[in-house]
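What follows draws every value from the coordinates through simple rules; no lab data is involved. Every value quoted in this text rests on a predicted model; they were computed, and no experiment measured them. Please note: Cβ atoms are built from the backbone with ideal geometry, for glycine as well, and neighbour counts cover all protein chains shown.
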């Protein structure tokens, strides 16, 4: 029974991974996105994309936006979030945060890196993430 559950889980992740791979995302060295699930919300114009982001130690995640809201939960490590118009905030394991749709933001992982679950509600056919211009000083 356990073997069958493992096979089903691996097959499901492979299917989700293929679907997630079709959605272009901002690439940052040291950032690995692992898709877990992608579903219609409600069936129609939007979809929920759920995954895990593993960020290497002391990595800067490029400034970007998402076409819908992002909701995150820090599983391991810590991450400093830089959201346009807001002060920097640092989140540790057990903390959660969210970023509104189309809001430019960037992040930096701590010395031990970070592992974060991320959920996005986006319009179908739009890229999961798009580069955002650098912040004005």
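With respect to the conditions (1) surrounded by fewer than 13 Cβ atoms within 10 Å (Cβ to Cβ); (2) under 15 Å from the mean Cα position of the chain (by Cα), residue 48 falls short on a single one, namely (1).
If you check 119, 80 for being over 15 Å from residue 31 (Cα atoms) and part of a strand (DSSP E or B), only one passes: 119.
Restricting segment 68-78 to residues that are under 20 Å from residue 130 (Cα atoms) and surrounded by 16 or more Cβ atoms within 10 Å (Cβ to Cβ) leaves a set whose member that is farthest from the chain's Cα centre (by Cα) is 68. Screening residue 58 against (1) under 30 Å from residue 40 (Cα atoms); (2) in a loop (DSSP other than H, G, I, E, B) leaves a single unmet condition, (1). Just the residues that are free of Cβ contacts under 8 Å to residues at least 24 places away in the same chain and either outside any loop (DSSP other than H, G, I, E, B) or touching a helix residue (DSSP H, G or I) at 6+ places or on another chain (Cβ under 6 Å) (or both), please, taken from segment 87-116. Within segment 87-116, 89, 90, 91, 92 qualify.
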